[in-house]
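Only the coordinates and a few stated rules stand behind these numbers; no lab work does. None of these values were measured; they are calculated from a predicted model. Note that we place each Cβ from the backbone using ideal geometry, even for glycine, and neighbour counts take in every protein chain shown.
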Amino acid sequence: MTDVVYREAQACCFGGFDYAVAPFFQLRQGHPLRVGELGQVALENNRALRTIPQVLTHHPATFSAALQELSAAGHAEVNWNLGCPYPTTAGRGRGAGLLPHADRIDAILAEVMNGAPVRLSVKMRLGYHDPDEFRAVMDVLNRYPLSEVILHARTADQMVDGVVDIARAAQALALCRHPFVFNGDIAGMDCFLDLCRQLPQTAGWMIGRAALRNPFLPALIKGMPFPEPEARREKLLKFHGMLFEGYGQWLSGDRHRMDKMGEQWDYLAQAFLDSQAIISRIRRSHSGNYEVAVRWAFDQPLV
Ligand SMILES: Cc1cc2nc3c(=O)[nH]c(=O)nc-3n(C[C@H](O)[C@H](O)[C@H](O)COP(=O)(O)O)c2cc1C
């Protein structure tokens, strides 16, 4: 969801984020990054919001080669994914699949960080199956000059559901010698303020789904006022226009664009009182009557 088109539109219409971490590139052993991947994070395509590329790999030589490529493309920082929970990645010892093996993480970092051309940060979970794996992993991470550690305070088994473990996040924060970024279910302003009280040493906050559901949230957190309904409607309309135009340029064919807009509407519709009615009307529309459905949607009452 948070591809280059989304990130640019979000930053232009709502703002509030300091930077974004791009969805991961799953590195292919012995292959360079794909042209499309480089395009997603290219500086000239991400002018409105600094974007840090993220890579998923357990192969040091491939990792180092990707860092060289990204450095050559002008990036100063890359994030390493140690959190992806899917069987095709974690089950094959990548992403969260590395968390039970602090020794492997150590060996990979020792090789990759030796003369790395960019700064490295890490996005991790508490563990793969065991929520205490973060302890040994943090011990290893503390030995390297990372720019930050982002913790999604769940195990990989939990995927993105179930309770976020604040108590263990506090323990991870206490152990971590790097700037520590908390992630997981920051659902709104009250929740954010509550977390600030519970994890006061936290250096930063990563917000995923709640910002998709309420794109005003990052700016609210930064102290900007919540706009009046008509101003909100205008921003949402501009945001939709930028997404529609952007996907028209980035995706090949109308079908892909309509699929993508349907996915975006699943979140965008949450800004309206009857989100379900909007989602089903948009889903039923096709390229011929999409614009009519959109005009109707933007006439509906906002939350
Ligand atoms: C569909 C989907 C795709 C995701 N892709 C990535 C990814 O590529 N890289 C990553 O670090 N996290 C990814 N995540 C995890 C989110 O970054 C985040 O850790 C998770 O959604 C919890 O935060 P939230 O409650 O604020 O959404 C993904 C989550 C979802 C739901």
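Say R0 is 51 Å: what FRET efficiency, to the nearest 0.05, do Arg177 and Arg283 get from their beta-carbon distance?
Once the sixth-power term is evaluated, E becomes 0.60.
Taking the chain as the reference, fit the longest principal axis to its C-alpha atoms, fit the long axis of helix 275-284 to the helix C-alpha atoms, and give the angle between the two in degrees, 0 to 90, nearest 10.
It is inclined by approximately 80 degrees.
Compute the length gained on full extension between Trp296 and Gln26: take 0.36 nm times their separation in residues and subtract their Cα-Cα distance, giving the result in nm to one decimal. Display every interim value, and only then the final one.
Details: separation 270, 0.36 × 270 = 97.20 nm, distance 3.95 nm.
Answer, rounded to one decimal: 93.2 nm.
Take every DSSP beta bridge with both residues inside the chain and express the antiparallel ones as a percent of the total, to the nearest 5.
5
Using the Cα atoms as the points, what is the convex hull volume per residue of segment 229-298 in Å³? Could you put the intermediate results ahead of the total?
On the way: hull volume 5.1 nm³, N = 70.
In segment 229-298, the Cα hull volume divided by residue count equals 73 Å³.
To make sure I understand, if each residue's beta carbon is the centre and we count other beta carbons within 10 Å, what order do Asp274, Asp190, Asp185, Asp132 fall in, fewest to most?
Asp190, Asp132, Asp274, Asp185
Can you run phi through the Karplus equation (6.51, -1.76, 1.60; θ = phi - 60°) for segment 17-23 and list ³J(HN,Hα) in whole Hz, with x for Gly and Pro?
Values per residue, Gly and Pro as x: 7, 7, 6, 10, 9, 6, x Hz.
Per 5 Å bin, what is the whole-percent P(r) computed from every C-alpha pair distance within segment 49-174?
Once binned at 5 Å, the Cα pair distances of segment 49-174 give 2, 12, 23, 24, 19, 13, 6, 1, 0.
Enumerate the calculated ³J(HN,Hα) couplings along segment 31-45 in order (Karplus 6.51 cos²θ - 1.76 cosθ + 1.60, θ = phi - 60°), each rounded to whole Hz, writing x wherever the residue is Gly or Pro.
Working through the residues one at a time gives 10, x, 5, 6, 4, x, 5, 4, x, 4, 10, 3, 4, 5, 9 Hz.
So if each residue of separation counts as 0.36 nm, and I subtract the Cα-Cα distance between Asn114 and Gln270, what length gain in nm does that give? Before the final figure, lay out the partial values.
On the way: separation 156, 0.36 × 156 = 56.16 nm, distance 4.61 nm.
Computed gain between Asn114 and Gln270 is 51.5 nm.
So how tilted is helix 166-175 from the main axis of the chain? Cα-based, degrees 0 to 90, rounded to 10.
40
So what is the 222 nm mean residue ellipticity for the chain from helices alone, if each DSSP H run of at least 4 adds -39500 (n - 2.57) and you divide by all residues, rounding to the nearest 500 deg cm²/dmol?
Details: 13 runs with 135 residues, N = 303.
Calculated mean residue ellipticity at 222 nm is -13000 deg cm²/dmol.
Given DSSP loops and a limit of at most 15 other Cβ atoms within 10 Å, what is the longest stretch of the chain that contains no such trypsin sites (Lys or Arg not before Pro)? Display every interim value, and only then the final one.
Details: sites that count: Arg28, Arg34, Arg47, Arg143, Arg177, Lys222.
The segment 48-142 is the longest one with no such site.
Amide H of Tyr144: which non-local residues (sequence gap of 5 or more, or other chain) have their own amide H closer than 5 Å, using H built in the peptide plane?
Sorted by chain and number, the residues that satisfy this come to none at all.
Return the distance in nm (one decimal) between the two label points of a simple spin-label model at Glu245 and Ser147, each offset 7 Å from Cα along Cα→Cβ.
In this crude label model, Glu245 to Ser147 measures out at 3.0 nm.
Sort largest first and round to whole Å: the equivalent ellipsoid semi-axes of the chain, each the square root of five times a Cα gyration tensor eigenvalue.
Equivalent ellipsoid semi-axes, largest first: 34, 23, 17 Å.
Full extension from Met224 to Arg50: what is 0.36 nm times the residue separation minus their Cα-Cα distance, to one decimal in nm?
Contour length minus Cα-Cα distance gives 60.6 nm.
Using a Gaussian network model of the chain with C-alpha springs under 10 Å, which one of Ala187, Ala167, Ala153 is most mobile by mean-square fluctuation?
Ala167
Excluding Ile52 itself, what net charge comes from residues whose Cβ is under 13 Å from its Cβ, given Lys and Arg +1 and Asp and Glu -1?
+1
Calculate one ³J(HN,Hα) per residue across segment 71-84 by plugging θ = phi - 60° into the Karplus curve 6.51 cos²θ - 1.76 cosθ + 1.60, and present them in order as whole Hz with x for glycine and proline.
Those phi angles translate into 5, 4, 7, x, 7, 9, 8, 9, 9, 9, 7, 10, x, 4 Hz.
Between Ala42 and Asp3, how many nm apart are label points set 7 Å from Cα along the C-beta direction?
Distance between label points: 1.5 nm.
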